[in-house]
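Encoded as structure tokens, the structure appears first; notes follow it.
What follows is calculated from the coordinates using simple rules that are stated; it is not laboratory data. What you see is a predicted model; the values in this text were computed from it and never measured. Don't worry about glycine lacking a Cβ; one is built from the backbone with ideal geometry, like all the others, and counts go over all protein chains shown.
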Amino acid sequence: MKNLQDILYKVAIKQVFGVTNIDVNQIVFDSRKIEKNDVFIAQKGVQVDGHLYINKAIELGATAIVCEDFPSDKKEGITYIQVNDANVALAIMASNFYDNPSTKFQVVGVTGTNGKTTIASLLYQLFHKAGYKVGLLSTVKILVDETEFKATHTTPDSVTINKYLDMMLEAGVEYCFMEVSSHGIHQKRTEGLTFAGGIFTNLSHDHLDYHETFAEYRNVKKKFFDALPKSAFALTNIDDKNGNFMLQNTKAKKYSYALKTLADYKTRILEKQLSGTLIAVDGTEVWTKLIGVFNIYNLTAIIATAELLGLDNLEILTIVSQLESISGRFQYTISEDGITAIVDYAHTPDALKNVLETINDIRTNNENVITVVGCGGDRDKTKRPKMANIASQLSNQAIFTSDNPRTENAQTILDEMEVGVSPENYRKTLTVLDRRQAIKTACKMSKTGDIILIAGKGHENYQEINGVRTHFDDLEEVTNCFKQLKKN
Ligand SMILES: CC(=O)N[C@H]1[C@@H](OP(=O)(O)OP(=O)(O)OC[C@H]2O[C@@H](n3ccc(=O)[nH]c3=O)[C@H](O)[C@@H]2O)O[C@H](CO)[C@@H](O)[C@@H]1O[C@H](C)C(=O)N[C@@H](C)C(=O)N[C@H](CCC(=O)O)C(=O)O
Ligand SMILES: Nc1ncnc2c1ncn2[C@@H]1O[C@H](COP(=O)(O)OP(=O)(O)OP(=O)(O)O)[C@@H](O)[C@H]1O
Ligand SMILES: N[C@H](CCC[C@H](N)C(=O)O)C(=O)O
Ligand SMILES: [Mg+2]
């Protein structure tokens, strides 16, 4: 139980009806989860308006309501609090409820279109190997020291974030690395948190269904840096054309990293292979198992962050050479016949282009690159033709298939992808609706030395069709195909 007055500290309140000096059980924003003496926050969502569920919440036991508009029929004995922005109020209340855990240890946020999971997870690994207790909030999983929890979002809602930060504190965690998605910033899920630092990776096309324009998407990302406190560091990739823009109005101490431009932290690539990359950091040569120029950007951000958080330089570089790649990020397996299959979470045009360029860069002979790729349903439709164009342009064979059609018609998604293929590349493309069959087709079409890229799902272990998720794992599928082919 917490006193409502205490958890309302710093919330911009417009009007109060009833008493605030009462004890509340939990902060809940979904009426279906209300229990006795909870406080219900009514959010104006994307699908529905939470204000419609105020009375339902009261029926189930809510004693206090936080909302943007007062209902016309206020119930006796219930406290109503009117706020300007229910999402902000929720975030501040959630932080207060757990006694502001983010102020008590170092929380670092990573934002940008691609590379958030990679950077946050590798920072977790690095600090863990350096002997610290670490926390992670990522697309793939949540880690409280070594205990793993399932992630449902890249950036969870503010109650969930603070709940895990509190658990981390209890477990003696000193550093937490978390992904900060554009949806998260826009829906104020990270409002009220005190960050020790912020990292910008890059900005390219994604989520233009939600943010409508690229400028709006870019401005949302910038807001994360605008809100950083003076005590924090703000680290940006200045090789990215929006790198400087992100830090324009931040109060935090500004730092930059790059591979090309002059920057505070700079890395040079010396040698690229399928087994890893040789890099030079401040004149020291380091071998890393990570592959692809984009991953060297990620690594540079990681090295800079570890330094900014006070780790010893030599220790950082020693650990960097031991870092393991993240599940579903350029994860590869080689068949007995010498066919390489790479599973990668590239689900944006830029990521797909980077991964295919990396593959083309490291392949040593004239073997074929076969790409299996799809685009998610109920997501940015303008990505579809672009991704199909990139896949067909940069591969010898592109097989378009399904990737979580969700509530959309899977064939329609494929039709929308195909529109992006230039006429000279038509002959290199094929559509196979069923992802399992598409992977099988790729395996059958390949011969020794060929590289199969299976893009878009990475670590995901499901395929979502019409709201139903069934088990599906790209790596598992291709491994099975390899075994089958061997038998035949
Ligand atoms: C588009 C989007 O971001 N939606 C998020 C949003 O849901 P919503 O606005 O649709 O909610 P809604 O259904 O309209 O309901 C509005 C309010 O009424 C409440 N309600 C609703 C029904 C009811 O019976 N009672 C009730 O109280 C809801 O709890 C909610 O508070 O708020 C919910 C609660 O926090 C989120 O779970 C939900 O994430 C959905 C599931 C989602 O898929 N989000 C994705 C797009 C997302 O956030 N992705 C980013 C990563 C993107 C990336 O960078 O790649 C992420 O951070 O994960
Ligand atoms: N720095 C980078 N620049 C461009 N592409 C990258 C970078 N890092 C990773 N990628 C590509 O993007 C894919 C997704 O990487 P990652 O999961 O780290 O990104 P993310 O930002 O967490 O994505 P999400 O928005 O889904 O959480 C990778 O599989 C790889 O193809
Ligand atoms: N965070 C991204 C992941 C996309 C992954 C892809 N497999 C898909 O389902 O579209 C999103 O929710 O848009
Ligand atoms: Mg992620």
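Values as computed for the structure displayed
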{"quantity": "Rg/Rh ratio calculated on Cα atoms of segment 128-198 (Kirkwood radius)", "calculated": "0.94"}
{"quantity": "Förster-model FRET efficiency, 30 Å R0, E216 and I13, C-beta, rounded to 0.05", "calculated": "0.55"}
{"quantity": "Cβ-defined net charge surrounding K14, 11 Å radius [Lys, Arg +1; Asp, Glu -1]", "calculated": "-3"}
{"quantity": "E146 versus R436: modelled label distance in nm, points set 7 Å from Cα along the beta carbon direction", "calculated": "3.7 nm"}
{"quantity": "Kirkwood hydrodynamic radius over Cα pairs of the chain, then Stokes diffusion coefficient at 10 °C and 1.306 mPa s, in µm²/s", "calculated": "66 µm²/s"}
{"quantity": "Radius 9 Å from Cβ of I27, net charge of other residues (Lys, Arg +1; Asp, Glu -1)", "calculated": "0"}
{"quantity": "Computed E for T479/R427 - FRET, C-beta separation, R0 25 angstrom, nearest 0.05", "calculated": "0.25"}
{"quantity": "Value of relative contact order over the chain, rounded to a whole percent, pairs C-alpha under 8 Å and six or more apart", "calculated": "10 percent"}
{"quantity": "Estimated FRET transfer efficiency (K254, K104; beta-carbon r; R0 25 Å; 0.05)", "calculated": "0.50"}
{"quantity": "Neighbour-count order for M445, M417, M167, fewest beta carbons within 10 angstrom listed first", "calculated": "M445, M167, M417"}
{"quantity": "Label point distance in nm, V419-T318, each placed 7 Å from Cα along Cα→Cβ", "calculated": "5.6 nm"}
{"quantity": "Segment 344-488: antiparallel DSSP beta bridges as a percent of all, rounded to 5", "calculated": "25 percent"}
{"quantity": "Antiparallel DSSP beta bridges within the chain, as percent of all bridges there, nearest 5", "calculated": "40 percent"}
{"quantity": "Percentage, to the nearest whole number, of Cα pairs in segment 331-487 over 19 Å apart", "calculated": "48 percent"}
{"quantity": "Base-10 log of normalised Debye intensity for segment 98-320 (one unit scatterer per alpha-carbon) at q = 0.18 Å⁻¹", "calculated": "-1.37"}
{"quantity": "Packing-based exposure ordering (other Cβ within 10 Å, fewest first) of I78, I27", "calculated": "I78, I27"}
{"quantity": "Label-point gap, in nm, between M445 and S327 - each point 7 angstrom along Cα→Cβ", "calculated": "2.9 nm"}
{"quantity": "Scattering curve values for segment 2-96, log₁₀ I(q)/I(0), Debye with Cα scatterers, q = 0.13 Å⁻¹", "calculated": "-0.34"}
{"quantity": "Across the chain: Cys residues that no other cysteine approaches within a C-beta distance under 4.7 Å", "calculated": "C67, C176, C375"}
{"quantity": "Proxy reagent accessibility, fewest Cβ within 10 Å first, across S327, S335", "calculated": "S327, S335"}
{"quantity": "Local electrostatic count, I465, Cβ distance below 12 Å [Lys/Arg +1, Asp/Glu -1]", "calculated": "-2"}
{"quantity": "GluC sites (Glu not before Pro) within segment 306-406, DSSP loop, no more than 10 other Cβ atoms inside 10 Å", "calculated": "E324, E336"}
{"quantity": "Relative contact order, percent, segment 2-96 [alpha-carbon distance under 8 Å, six or more residues apart]", "calculated": "34 percent"}
